[in-house]
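S.K.: Quick one: structure below, then a few questions.
Every read-out reported here was derived from the displayed coordinates using simple, explicitly stated rules and does not represent laboratory data. Owing to the predicted nature of the structure, the values given are computational and were not obtained by experimental measurement. Quick reminder, even Gly has a Cβ in these numbers, built from the backbone with ideal geometry, and neighbours come from all protein chains shown.
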Amino acid sequence: MKARILLSNDDGIGAKGLLALAAAVEPLGELWVVAPEHEQSATSHALSLHRPLRIRKQQDRWFAIDGTPADCVYVAVNHLMKDSAPTLVLSGINHGPNLADDVIYSGTVAAAMEGCILGFPAIAFSLATRRNFEFEHAAQFAHSLVKTALASTMPQRMLLNVNIPSYGPVEGYEVTRLGRHNYNADVIEKEDPRGRRYYWIGGTGYEHATEPGTDVTAVHDHRRASITPLMLDLTQHDFLQPLKAWPLEGFRQH
C-alpha cells in the first residue's frame, strides 16, 4: 500500500525549506502539504480555538491555512485527510535550528508533535543555521531518513527531532538527547516616534554546553546531523515517589 505523507511547517506554505522537503519525499508516497499561510515561527503548540480558520487550496493535495502549525496538522488529519489518514507526518525543513530547549517553543516541532498526539509517527526537520539557507544537502538527508522510517514502520506516536548542519554535504549523523544552550535572552526597550515605549523579546549572542551525546554538540562541534527521539509524556517519573512523601498539612493523600 502506498504511504501517505503529510507535510507541514512553521515558515509558511511558500517557504524554501518546505518546497525542498516536499521535492525530496514526494517519490516516497502520496504527498499532502497542509501548511500555514504565513510564517508562524515560535508559536509552539498553539491551537486557534477562538476564531474560525480559512483553508485555501493551492493545487491538488496542497492547502494553506491561516492558522498555526498545530492547526494545520489537526485540520489535515480530521478534515482534509479524514478518509485517508497519513502514514507519516513531517514538518520542515525549518529555516533555523531547533535544538535543546528550542523544541518547547518551536512551531516546527509542534506540527510534528500534533501528528503524534493524533496517533501517527512524525519527524521534524530543521536546518541549523541563521543565514545562507541552502537546503539541498538537508533534503538529501531527509529523503534517506524518511525512506528508512517508512520501510522500518515507525511506531505510532514516535517523534524524531532532526537538525542538519549547513556546512555542505552531510558527513554523518548521531542519535542524540537534548542538550543545553543559552541565547543570552533579554528584553530590549525602545521608544516609538510618539514617545510610547515598546519592547522586543530577544537578545544577542549564543553559547552551548559541550556534552557528549547531545544534539547541540553533534551539530555545532562535530558538524553532524542529530536525530533525537522525543517523548510526549512530560512526567518526571523519578520524582513520583519522593513527591508522594511530601506531608501536606490538613490534607490526606489517596
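S.K.: For a footprinting-style exposure proxy, rank Phe120, Phe239 by other Cβ within 10 Å, fewest first.
M.R.: So the residues, fewest neighbours to most, are Phe239, Phe120.
S.K.: While we're looking at this one, here's another question. At 7 Å along the Cα-to-beta-carbon direction for both Arg56 and Val175, put a label point, then send me their distance in nm to one decimal.
M.R.: Result for the modelled spin labels: 4.3 nm.
S.K.: Further question: I need the shape label for the chain. Rule: rounded when a/c is under 1.5, else prolate if a/b > b/c, else oblate, with a, b, c from the alpha carbon gyration tensor.
M.R.: Because its axes are fairly even, with a/c under 1.5, the chain counts as rounded.
S.K.: Where both partners of a DSSP beta bridge lie in the chain, what percent of those bridges are antiparallel, to the nearest 5?
M.R.: Here the antiparallel bridges make up roughly 40 percent for the chain.
S.K.: I want to check the label-to-label distance for Leu47 and Arg196. Put each point 7 Å from Cα in the C-beta direction and report it in nm to one decimal.
M.R.: 3.4
S.K.: Separate question: May I ask you to sort Ser226, Ser144, Ser41 by Cβ crowding, counting other Cβ atoms within 10 Å and putting the fewest first?
M.R.: Ordered from fewest to most neighbouring Cβ atoms within 10 Å, Ser226, Ser144, Ser41 come out as Ser144, Ser41, Ser226.
S.K.: May I ask for the equivalent-ellipsoid semi-axes of the stretch 146-217, computed as the square root of five times each C-alpha gyration tensor eigenvalue and listed largest first in whole Å?
M.R.: In descending order, the three semi-axes are 38, 17, 13 Å.
S.K.: What does the extension gain come out to for Glu30 and Lys147, with contour length at 0.36 nm per residue minus their alpha carbon separation?
M.R.: 40.8 nm
S.K.: If you place +1 on the Cβ of every Lys and Arg and -1 on the Cβ of every Asp and Glu, how big does the dipole about the Cα centre of the chain come out, in debye to the nearest 20?
M.R.: My answer is approximately 540 debye.
S.K.: While we're here: List Tyr183, Tyr198, Tyr74 from most exposed to least, where exposure is judged by having the fewest other Cβ atoms within 10 Å.
M.R.: Arranged by neighbour count, lowest to highest, Tyr183, Tyr198, Tyr74 become Tyr198, Tyr183, Tyr74.
S.K.: Placing +1 on the Cβ of each Lys and Arg and -1 on the Cβ of each Asp and Glu in the stretch 187-254, which of Thr210, Pro229, His254 has its Cα farthest towards the positive end of the resulting dipole?
M.R.: Highest projection toward the positive end goes to His254.
S.K.: Assuming R0 = 41 Å, can you tell me the calculated FRET efficiency for the pair Leu248 and Ile104, based on Cβ-Cβ distance, to the nearest 0.05?
M.R.: Step by step, r from the Cβ atoms, then E = 0.90.
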